[in-house]
Amino acid sequence: MKFVWFNLQPWPDLPDRFREDYRSVWVDIPSSLFDPERAHEVYNSYLDQLEFADELGYDAIGCNEHHQNGYGLMPSPNLIAAALSRRTTNAAIAVIGNSIVGYNPPTRVAEEFAMLDCISGGRLIAGFPVGTPMDTNFCMGQIPALTRDKYVESHELIMRSWTEPEPFAFDGRYTQLRHVNIWPRPVQQPHPPVFIPGGGSIETWDFCLDHDYNYSYLSFGGYKAGKSLLDGFWQRREERGDRDDNPYRASFAQIIAVADTDEEAERLYAEHILYFFNNCLHVYPGFADPPGYRTLKTLKAGKLSQLRKETMERFQKLSWQDLVESGAVIAGSPDTVAEQMEELARELRVGTVFCLMHTGNMPDWKVRNSSQLFAEKVMPRLHGLWPDHDPSPWWCSPMAARRTNDAASVDAARRSVDAADVERAL
């Protein structure tokens, strides 16, 4: 199995009565609640945690894109990934991802992802989400009913930018470019592995199967509730006559908290995870599901928005025990967590898990405690879970001879030029 240490980077200082006093954590949250000086510490702490995950041996470290919200402070995940490319050594850098319909032109995504792949030495995993309606439609101003059509065209342009060796013209419905000729180009050829985050749209299943991309189900309902969606993906594969059931074709996001005992997990982490469910998921329903965003095929299949009013209200009434028993949170001792993680992987048939080890307003030391226990006492028991399946078609391929972040490389790069160097050059 592959494990991605993933941090949404939420704002940790929302008021105690945020849910009662404010309409939404997304789109129209008052900017007066944001403190730039406090954000200096918050951003750097989050980057430190991502670097720590690389040191601990997580297979990847992850970031994503959201706008105008207190749920996730990464309007530009590429900035976060750029910092990580220079400060980490081995972990893949999973940018899940760039909301490609919001970029004008979409070649900007092709260029920046190529830069990240070059800087990191081929460690990029490229995520192409359709994007939440809060971001894509309300913050970026895209028309809901045209979002998916524009997404398909943007994806085509990016892929052609990466794979066609000569300049070309692109005459699309939404983008027209006389010269497409991106510099730089990605290290990984023909392109970095692509993950498509989804929330249950039938079209997203088909898109992943058409292009052989990883389908990444990102949900906060937990693995027990997520089973029906992943079953739907695998069933769709069978209906299309696709016989490849490699679990690395799918991934899942899960909130995880590890302590020495089950009781200690509750004492350490409950308040912070409840902060997340009560505040960070407080989204005005009118922003979460605008008319036209979900397609007719998805509506007929009964796939509902994860952020609809009933779901959000239910989340905010759940106790710690409810969250653990429902599988929304996997928490407890290393033995408890390992047992439930194996159940998650087998029931959902996924080869990659996005591990949400930081949740809500969890302080740094608790994040590190949980992350280290998971890395040292849980991951080794699960890495070999799918021995008969090859992850490489859905994983990055780093350069063998690349610059690393070890002390010797850093010292060599910083070595001063002395007079002897100049004399030899002359």
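Numbers at a glance
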| read-out | value |
| --- | --- |
| The range 172-186 residues that are outside any strand (DSSP E or B), paired with ones that are among the β-branched types (Val, Ile, Thr) and surrounded by 10 or more Cβ atoms within 10 Å (Cβ to Cβ) (beta carbon under 8 Å, 6 or more apart) | Ile182/Thr107 |
| Residue list for the range 65-89, restricted to those being closer than 17 Å to Trp5 by Cα, in a helix (DSSP H, G or I) and not polar (S, T, N, Q) | Pro77, Ile80, Ala81, Ala82, Ala83, Leu84, Arg87 |
| Index of the failed condition, Tyr223 passing every other in (1) within 23 Å of Trp11 (Cβ to Cβ); (2) buried (at least 21 other Cβ atoms within 10 Å of the Cβ); (3) touching an Asp or Glu at 6+ places or on another chain (Cβ under 9 Å) | (1) |
| Filtered residue count, the range 288-308, keeping only those that are touching a helix residue (DSSP H, G or I) at 6+ places or on another chain (Cβ under 6 Å), in a helix (DSSP H, G or I) and either at pLDDT 75 or above or surrounded by 14 or more Cβ atoms within 10 Å (Cβ to Cβ) (or both) | 1 |
| Matching residues in the range 8-23 - criterion: being part of a helix (DSSP H, G or I) and either surrounded by 12 or more Cβ atoms within 10 Å (Cβ to Cβ) or not acidic (Asp, Glu) (or both) | Phe18, Arg19 |
| Residues of the range 91-143 classified as at positive phi and touching a residue at least 12 places away in the same chain (Cβ under 8 Å), total | 3 |
| Exclusive hit being surrounded by 18 or more Cβ atoms within 10 Å (Cβ to Cβ) and either in contact with a Pro (Cβ under 6 Å, 6 or more places away or on another chain) or farther than 21 Å from Met357 by Cβ (or both), set Trp5, Trp26 | Trp26 |
| Residue satisfying all of: in the range 29-68; of a type in the set (S, T, N, Q) and in contact (Cβ under 8 Å) with a residue 24 or more places away in the chain; surrounded by the fewest Cβ atoms within 10 Å (Cβ to Cβ) among these | Ser45 |
| Residue in the range 204-215 that is under 18 Å from the mean Cα position of the chain (by Cα), more than 21 Å from Val4 (Cα to Cα), surrounded by 21 or more Cβ atoms within 10 Å (Cβ to Cβ) and of a type outside the set (D, E, K, R) present | yes |
| Flag if Arg314 is surrounded by fewer than 20 Cβ atoms within 10 Å (Cβ to Cβ), at pLDDT below 95 and of a type in the set (D, E, K, R) | yes |
| Residue within the range 231-243 that is outside any strand (DSSP E or B), in contact with a strand residue (DSSP E or B) (Cβ under 7 Å, 6 or more places away or on another chain) and closer than 26 Å to Ala92 by Cα present | yes |
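The values are calculated or read from the model by the stated rules, or taken from the named source; none is laboratory data. Not measured: the values here are computed from a predicted model. Don't worry about glycine lacking a Cβ; one is built from the backbone with ideal geometry, like all the others, and counts go over all protein chains shown.
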